[in-house]
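Undergrad: Sharing a structure here in structure tokens format.
The values are calculated or read from the model by the stated rules, or taken from the named source; none is laboratory data. All values derive from a computational prediction rather than experimental measurement. Neighbour counts run over all protein chains shown; Cβ positions are idealised from the backbone, glycine included. The accessibility values were calculated without ligands, DNA or RNA, using every heavy atom of the protein model including side chains. Shrake-Rupley method; radii C 1.70, N 1.55, O 1.52, S 1.80 Å.
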Amino acid sequence: MRRTTSRILRGIALVSTLALGVTACGGSDDDSDTKAVSAGDIQAALDKGGDITVWAWEPTLKTVAADFQKKYPKVKVNLVSERSGDKHYTALSNAISAGKGVPDVAQVEYFALGQYSLTKGLTDLAPYGADKLASKYTPGPWNAVSDGDKVYGLPMDSGPMALFYNKTVFDKYKITVPTTWDEYLDAARKLHKADPKAYIANDLGDAGFTTSLLWQAGSRPYKVDGTKVAVNFDDAGAKKFETVWQKLIDEKLLAPVNGWTDDWYKGLGDGTIATLATGAWMPANFVTGVPNAKGQWRAAAMPAWTAGDKASAENGGSSLAVPALAKNKELAYAFTEYANSGAGVATRVSEGAFPATKAELESASFQSKKFDYFGGQEANKIFAESAANVASDWSYLPFQPYANSIFNDTVGKAYVSTTKLADGLKAWQDASVKYGEEQGFTVEK
């Protein structure tokens, strides 16, 4: 969920330890179990039984773990779910560094996977058969967990983006749902002129949101090849984003409110924040966080940067990964596959998780689900189409959590001062390059 991601972006320190390991962990290029593990080997481990420890905050895994234990009564799943965000990653990194207390399975968000795989903290699951599962998942999540022929986790959920909008507000001011970002800018102007207290959206600068919009616009600021990286926010896609968003900032068309705050929930509820572009996991948060606006909101496809373009992007999402120091890897993989590729997927979707698997996304029962909160709209059809239109060539930096933590000190200034967005992105680029070089990465100039 995006809320968890937002918390971790506020200056976590764990990435320093991980990035420093780029050279310290150098040694062997083999970070995987080279011997193939057959389905028979995994079944034998299940028949023998044992204990596995799973560190994950995703709430639907509680039911999945119980079901898994019923199916395999000799296996005990110890689910540790009280940690999330920075506390979760700090504990995981500390355990890996100490070489003890490492879980058998860990939830790792897509943007953070690279730092663990690069520093050889995760098991390559391809020898266990994970590489045969690629066709089951949508492009964005699978690209996030795989690196060439290696697979460092199985996608647990996804966040294909959609535009949520307050239909009541749009109808009141006769605003048409925008299909392009230029139309979105026009809608922002029309709304704020009609009601100076109302804004098309809130935004004080958010790293995850910004990278998602860049992704959708076709920008590819990060290139990663092992410890060789490049950072460049000066491409055509970035220019598209800068042009529209700078106007929204300059014309004061964005509510100066941070997400996941009381003021944010209030704005979504009273109509002063009229849209929200975010991941398809958001509906449950509307239900619990903005109950008074039930029936007012709807979902629509993301506005296009170029008319007619259907490109989308991911915003949020997590995997389940098996740390390299896991003690029961066969059982760990069996649980991971059950939860994210097997029977556990349907269980999780029934409890509100948004799937990363094509079968669930394309099923009639999933797409025909009516959302009472959205006035009976079959919103999953929009989300599923978005998932199918996510480009699979996006990359995050191996030290993305650190890069995100300095976003507000660089790009964030464009939202609260005279700094231009282009200059803020350049500052973010320069600071990311500097950090990468300090940590031993080879950074392309």
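Undergrad: Over the chain, what percent of the accessible surface lies on carbon and sulfur atoms, probe 1.4 Å?
TA: About 50 percent, which is the carbon plus sulfur part of the accessible surface.
Undergrad: On to the next question. Which value, in debye to the nearest 20, describes the size of the charge dipole of the chain about its Cα centre when Lys and Arg Cβ atoms bear +1, Asp and Glu Cβ atoms bear -1, and nothing else is charged? Kindly include the intermediate steps, with their values, before the conclusion.
TA: Numbers: 48 positive and 51 negative charges, 200 e Å.
Charge dipole of the chain: 960 debye, to the nearest 20.
Undergrad: Positive end of the dipole of the chain, charges at C-beta (+1 Lys, Arg; -1 Asp, Glu), about the Cα centre: which of Gly159, Thr63, Ile42 has its Cα farthest in that direction?
TA: The listed residue farthest towards the positive side: Thr63.
Undergrad: If each DSSP helix of 4+ residues adds -39,500 (n - 2.57) and the sum is divided by the residues in the chain, what number results at 222 nm, nearest 500 deg cm²/dmol? If you can, show how the numbers build up before the last one.
TA: Numbers: 22 runs with 201 residues, N = 445.
Rounded to the nearest 500, the figure is -13000 deg cm²/dmol.
Undergrad: Have a look at the DSSP beta bridges in the chain and tell me what percent are antiparallel, nearest 5. List each step's numbers first, then the result.
TA: Numbers: 25 of 42 bridges.
Around 60 percent of the beta bridges assigned by DSSP in the chain are antiparallel ones.
Undergrad: Further question: Please list, by residue number, every one of the trypsin sites (Lys or Arg not before Pro) in region 361-400 that is coil in DSSP and has at most 13 other beta-carbon atoms within 10 Å.
TA: Numbers: sites: Lys369, Lys370, Lys381; in loops: Lys369, Lys370.
When the trypsin sites (Lys or Arg not before Pro) of region 361-400 are filtered for loop state and at most 13 Cβ neighbours within 10 Å, Lys370 remain.
Undergrad: Counting only Cα, what are the radius of gyration and maximum Cα-Cα distance Dmax of the chain, in Å?
TA: 21.7, 69
Undergrad: Counting only the backbone N, which residues of region 100-116 are under 19 Å from the spot 7 Å out from the Cα of Ala391 toward its beta-carbon?
TA: 111
Undergrad: Taking amide H positions as placed in the peptide plane 1.01 Å from N, state which residues far from Gly50 in sequence (5 or more) or on other chains have amide H under 5 Å from it.
TA: Val75, Lys76
Undergrad: Counting only protein chains, not ligands or nucleic acids, how are Trp245, Trp142 ordered by accessible area (probe 1.4 Å), most first? Walk me through the intermediate numbers first.
TA: Values: Trp245 5, Trp142 40 Å².
Largest to smallest exposure gives the sequence Trp142, Trp245.
Undergrad: For Lys100 and Asp234, what does the FRET efficiency come to when R0 = 51 Å and r is the distance between their Cβ atoms, rounded to the nearest 0.05? Before the final figure, lay out each step's value.
TA: On the way: r = 45 Å, r/R0 = 0.88.
So the FRET efficiency works out to roughly 0.70.
Undergrad: In µm²/s, what is D for region 343-408 at 4 °C and 1.567 mPa s, where D = kT/(6 pi eta Rh) by Stokes-Einstein and Rh is the Kirkwood radius from Cα pairs? Intermediate values should be presented prior to the final figure.
TA: Details: Rh = 14.2 Å.
Reported coefficient: 91 µm²/s.
Undergrad: Taking only the Cα atoms of region 83-201, how large is their convex hull per residue, in Å³?
TA: Numbers: hull volume 20.4 nm³, N = 119.
It is 171 Å³ per residue.
Undergrad: Further, regarding this structure: Take every Cα pair under 8 Å in the chain that's 6+ residues apart, average their separations, divide by the length, and report that relative contact order as a whole percent. Before the final figure, lay out each step's value.
TA: On the way: 832 pairs, mean separation 122.3, N = 445.
Reported as a whole number, the value is 27 percent.
Undergrad: A follow-up question, please. Looking only at Thr176, Thr336, Thr90, which one moves most when the chain is put into a Gaussian network model with springs between Cα atoms under 10 Å?
TA: Looking only at Thr176, Thr336, Thr90, the largest GNM fluctuation is found for Thr176.
Undergrad: Give me the three principal axis extents of region 31-135 from the C-alpha atoms, as integers in angstrom, largest value leading.
TA: 35, 31, 31
Undergrad: I need the calculated FRET efficiency for the pair Thr168 and Ser365, taking r as the beta carbon distance and R₀ as 22 Å, to the nearest 0.05. Can you show the working numbers first?
TA: Values: r = 29 Å, r/R0 = 1.33.
Computed FRET efficiency for Thr168 and Ser365 comes out at 0.15.
Undergrad: Cross-link list Lys252/Lys413; Lys70/Lys100; Lys167/Lys193: which exceed 22 angstrom alpha carbon to alpha carbon?
TA: Working: Lys252/Lys413 15 Å; Lys70/Lys100 29 Å; Lys167/Lys193 18 Å.
In this structure, Lys70/Lys100 exceed 22 Å between Cα atoms.
Undergrad: Could you work out which residue, out of Tyr415, Tyr152, Tyr110, moves most in a Gaussian network model of the chain, that is, has the largest mean-square fluctuation with Cα springs under 10 Å?
TA: Judging by the Gaussian network model, the answer is Tyr415.
Undergrad: What length, rounded to one decimal in nm, is gained on full extension from Asp41 through to Asp131, with 0.36 nm per residue of separation minus their alpha-carbon distance? Intermediate results must be reported in sequence, preceding the final value.
TA: Details: separation 90, 0.36 × 90 = 32.40 nm, distance 1.68 nm.
Extra length from Asp41 to Asp131 when fully extended: 30.7 nm.
Undergrad: For region 335-445, build the charge dipole from Cβ charges (+1 Lys, Arg; -1 Asp, Glu) around the Cα centre, then report which of Phe335, Ile406, Ala422 sits farthest towards its positive end.
TA: Among Phe335, Ile406, Ala422, the one farthest towards the positive end of the dipole of region 335-445 is Ala422.
Undergrad: If the chain between Lys252 and Thr442 were fully stretched, how many nm would it gain, using 0.36 nm times the residue separation less the Cα-Cα distance? Don't skip to the answer; put the middle values down first.
TA: Numbers: separation 190, 0.36 × 190 = 68.40 nm, distance 3.98 nm.
The Lys252-Thr442 span can extend by a further 64.4 nm.
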